[in-house]
Amino acid sequence: MTAALRLTEALIACRSRHPRRRRLPGAAGAGLARAGFDCESIDAGPAEARVSNLWAVHRGGRPGPTVVLAGHTDVVPTGPLERWASDPFVPTHRDGRLYGRGAADMKTAVACMAAAAQQFVAADPGHAGTVALLFTSDEEGPALHGTRHVVDVLQRRGVRLDACIVGEPTSVERLGDTVKNGRRGTLSGRLAVKGVQGHIAYPSWRATDPRTGAGAGRARGHALGRGQRLLPAHGLAG
């Protein structure tokens, strides 16, 4: 069993459902600290819903860029437990696959990035530049106190990031077959949207049409998805 698999199982076992629990699983940073990373918890948010974010840094012995590996450990609600073949927070192996809430989005990626960073540093402790990891517990929701907060903190400290690799799963035919490139700063703009925020994972969060005040959960008088039995209807912003 590889270190990445063991860590993935430990992360899945943590009931890190958003928004009820926003504490970052300790397993995410324990191995990094043992490997020599400087680990800091950059927390934010109200006391009753405190969000923890792990910022782990390893500086090599030679000049070079700062590369960040980023991900999140919070997950969306499980839905009806009776529709799961196994407990969503008990890592389960079936037919050569690992099942559990967050196995795809995105505790496996977090575990793989942490394991890879540890192996890289062990192989070359005096590497060029800086390797950093940002693991947040506030992505599957408003996402006000996770990455956004940490970026503000780092900017105030004058920390410059040269590249960031996000392990969010994206694929076309099979896992890992797609890598997307992104760049910030070439063209920036501001878009103001009036209304109430919604989220596809939370159908009860009804977005509101600012022109009429009516819920946008109905399109032309019909709820999206009505008529199917497994999932509740979703909203459509007008």
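Restricting Asp74, Asp95 to those that are out of contact with any strand residue (DSSP E or B) (no Cβ under 8 Å at 6 or more places or on another chain) and modelled with pLDDT under 95 reduces the list to Asp95. A Cβ distance below 8 Å, combined with a sequence gap of six or more or placement on separate chains, defines the contacts here; from segment 110-134, residues that are aromatic (Phe, Trp, Tyr) reach residues that are not in a loop (DSSP other than H, G, I, E, B) in the pairs Phe120/Val131.
So, in segment 156-174, of the ones that are touching a residue at least 60 places away in the same chain (Cβ under 8 Å) and in a loop (DSSP other than H, G, I, E, B), which residue ends up surrounded by the most Cβ atoms within 10 Å (Cβ to Cβ)?
Filtering segment 156-174 down to residues touching a residue at least 60 places away in the same chain (Cβ under 8 Å) leaves 159-169.
Adding the requirement that they be in a loop (DSSP other than H, G, I, E, B) leaves 159-162, 167-169.
On the way: Val159: 16, Arg160: 10, Leu161: 16, Asp162: 11, Gly167: 19, Glu168: 12, Pro169: 13.
Once the filter is applied, the top-ranked residue is Gly167.
Across segment 107-137, what is the total count of residues that are assigned to a loop (DSSP other than H, G, I, E, B) and either under 17 Å from Ala27 (Cα atoms) or not assigned by TED's automatic domain parsing to the domain that holds His18 (or both)? Count: 1.
Every test in (1) under 17 Å from the mean Cα position of the chain (by Cα); (2) surrounded by fewer than 16 Cβ atoms within 10 Å (Cβ to Cβ) is passed by Gly100 save one, and that test is (2). The lone criterion from (1) at pLDDT 80 or above; (2) more than 30 Å from Pro77 (Cβ to Cβ) left unmet by Val172 is number (2).
The values are calculated or read from the model by the stated rules, or taken from the named source; none is laboratory data. Note that the structure is a prediction, hence the values are computed from the model and not measured. Here the Cβ is made from the backbone with ideal geometry for all residues, glycine too, and neighbour counts use every protein chain on show.
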